[in-house]
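Data block below; observations after.
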Amino acid sequence: MKTEKDKMLAGELYNPLDAELSDLRLKARRLLKDLNDTREDQTEERMRLLKELMPDAGTDLWLQPPFYCDYGFNIKLGDKVFFNFNCVVLDVAPVSIGSRTLIGPNVQVYTAMHPMDYQERASGLEYAKPITIGNDVWIGGSAVICPGVSIGDRAVIGAGSVVTRDIPSDVFAAGNPCRVIKAIDKK
């Protein structure tokens, strides 16, 4: 029989109030509290907390607190990823971010979804869709990345954009909804 965590990770409807999931979120919240309370000169302590929160992070992660997420273990990071201040990653489903990607301040990455049908939504069940962000991507401040989206390598997402559909590699995209504005010259 599938646990609620199994259902969550499979993208199926699940109960977020399940005891196991509640315990996992509480563990993440405690780590985030400790992380967000560190000073700039406490780099070793930050790295220790980040490794515990996001065990699948590559090398040279640079994250400016405050930072918020649901679980942490669903966030997979390449090398040299940068998160600026006040980012939120709702990692109910896997969030994969490639190497050398820059995430601006206040960026929101949402995998969580609620049913469109009001009666199903009233049941309290939810589901999620994974997000993939490629290598060498730059996401401008206050952008929102919606569930199920993929952003290709070397793409640039303009500040304040709401990304509701896939964005290919090597483009500048912006707006609400986010759309491709132009190809990026590789020179």
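The values are calculated or read from the model by the stated rules, or taken from the named source; none is laboratory data. All figures in this text were calculated on a predicted structure; none of them were measured in a lab. For neighbour counting, all protein chains shown are included, and Cβ atoms are generated from backbone atoms with ideal geometry for every residue, glycine included.
Key figures for this structure:
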{"read-out": "Only listed residue being small (G, A, S), within 21 Å of F67 (Cβ to Cβ) and either under 14 Å from the mean Cα position of the chain (by Cα) or not in a strand (DSSP E or B) (or both), chosen from S169, S142", "value": "S142"}
{"read-out": "Among the candidates V137, V144, residue that is β-branched (V, I, T), closer than 24 Å to V92 by Cβ and touching a Lys or Arg at 6+ places or on another chain (Cβ under 8 Å)", "value": "V137"}
{"read-out": "Some residue of the stretch 1-20 being polar (S, T, N, Q), touching a helix residue (DSSP H, G or I) at 6+ places or on another chain (Cβ under 7 Å) and under 26 Å from Y127 (Cα atoms)", "value": "yes"}
{"read-out": "Qualifying positions in the stretch 74-108 - among the aliphatic types (A, V, I, L, M), out of contact with any Leu (no Cβ under 7 Å at 6 or more places or on another chain) and crowded, with 18+ Cβ neighbours inside 10 Å", "value": "I75, V89, L90, V92, A93, V95, I103, V107"}
{"read-out": "Which listed residue, of D37, D56, D41, D70, is of a type in the set (D, E), closer than 27 Å to E12 by Cβ and either surrounded by fewer than 18 Cβ atoms within 10 Å (Cβ to Cβ) or touching a His at 6+ places or on another chain (Cβ under 8 Å) (or both)", "value": "D56"}
{"read-out": "Residue list for the stretch 154-163, filter: in contact with a Pro (Cβ under 9 Å, 6 or more places away or on another chain) and assigned to a loop (DSSP other than H, G, I, E, B)", "value": "A155, S161"}
{"read-out": "Residue check for A57: modelled with pLDDT of 95 or more, more than 28 Å from L125 (Cβ to Cβ) and of a type in the set (A, V, I, L, M, F, W, C)", "value": "yes"}
{"read-out": "Matching residues, the stretch 101-143, being farther than 18 Å from D166 by Cα and in contact with an Asp or Glu (Cβ under 7 Å, 6 or more places away or on another chain)", "value": "H114, Y127"}
{"read-out": "Residue within the stretch 33-43 that is within 21 Å of P130 (Cα to Cα) and more than 15 Å from the chain's Cα centre (by Cα) present", "value": "no"}
{"read-out": "In the stretch 8-20, residue surrounded by the most Cβ atoms within 10 Å (Cβ to Cβ) [restricted to those that are more than 16 Å from I75 (Cβ to Cβ) and in contact (Cβ under 8 Å) with a residue 24 or more places away in the chain]", "value": "Y14"}
